[in-house]
Amino acid sequence: MSDLHIRSATPSDADTVLAFWREAAEGTSISDDRDGVARLITRDPESLLLAERDGALAGTVIAGFDGWRCHLYRLAVHPAHRRRGVATALLAAAEERFAALGGRRGDAMVLDENALAHQAWSAAGYAREPQWSRWVKPLTP
């Protein structure tokens, strides 16, 4: 895994990240556009972590901290790089970031029907909390 490099995304990575998510991530988000990624990077420049192997994007995770909670989104690994330690390295980097910021617990947004993701999160030490549900309201038409 020494050939894996973790770094924070820059604004110039937005198009590459969006194309990567279309190929490697499950589901879509209302924020999956250039403006959404740019806002994320501008607001919290260290939150979008990229894993690169041999110069190619192998995985992503958004590690957002709002001062109260540590939120994980968009853990995605390219199919050709799965089961090679990419998700483990990304989550370790995210958890280190959270600890440095004073975070106490990470929570992850995971699609209910994504069984592969459930296995990955469980293997990383995360557990589903069935007493919680996500409530959403789009703020734009």
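Taking the condition of being farther than 20 Å from residue 5 by Cα, outside any loop (DSSP other than H, G, I, E, B) and in contact with a Ser or Thr (Cβ under 9 Å, 6 or more places away or on another chain), how many residues in segment 28-50 meet it?
Counting residues in segment 28-50 that are farther than 20 Å from residue 5 by Cα, outside any loop (DSSP other than H, G, I, E, B) and in contact with a Ser or Thr (Cβ under 9 Å, 6 or more places away or on another chain) gives 4.
Is it the case that residue 85 is more than 17 Å from the chain's Cα centre (by Cα), open to solvent by less than 80 Å² (accessible area, probe 1.4 Å) and at positive phi?
No, not satisfied.
Report yes if some residue within segment 94-112 is closer than 16 Å to residue 9 by Cβ, touching a strand residue (DSSP E or B) at 6+ places or on another chain (Cβ under 7 Å) and of a type outside the set (D, E, K, R); otherwise report no.
Yes: one or more hits.
How many of the residues making up segment 54-70 are at negative phi, small (Gly, Ala, Ser) and open to solvent by 40 Å² or more (accessible area, probe 1.4 Å)?
1
Can you find, within segment 1-53, the residue that is surrounded by the most Cβ atoms within 10 Å (Cβ to Cβ) among those that are closer than 21 Å to residue 89 by Cα, of a type in the set (Val, Ile, Thr) and touching a strand residue (DSSP E or B) at 6+ places or on another chain (Cβ under 8 Å)?
Only one residue fits best here, namely 17.
Between a first residue in segment 90-117 that is open to solvent by 40 Å² or more (accessible area, probe 1.4 Å) and a second residue that is among the small types (Gly, Ala, Ser), which pairs have beta carbons less than 7 Å apart while being 6 or more apart in sequence or on different chains?
Taking only residues 6 or more apart or on different chains, the pairs are 95/106; 110/117; 111/27; 111/117.
Pick from 34, 84, 22: which is at pLDDT below 95 and within 21 Å of residue 123 (Cα to Cα)?
Testing whether each residue is at pLDDT below 95 and within 21 Å of residue 123 (Cα to Cα) leaves just 84.
Among the residues in segment 118-130, are any modelled with pLDDT under 90 and assigned to a loop (DSSP other than H, G, I, E, B)?
Yes, some residue in segment 118-130 is modelled with pLDDT under 90 and assigned to a loop (DSSP other than H, G, I, E, B).
The values are calculated or read from the model by the stated rules, or taken from the named source; none is laboratory data. These numbers were taken from a predicted model, which means no experiment stands behind them. Positions of Cβ are generated from backbone atoms using ideal geometry, with glycine treated the same way; all protein chains shown enter the neighbour counts. Heads up: the accessible areas ignore ligands, DNA and RNA and are worked out on the full protein's heavy atoms, side chains in. Shrake-Rupley method; radii C 1.70, N 1.55, O 1.52, S 1.80 Å.
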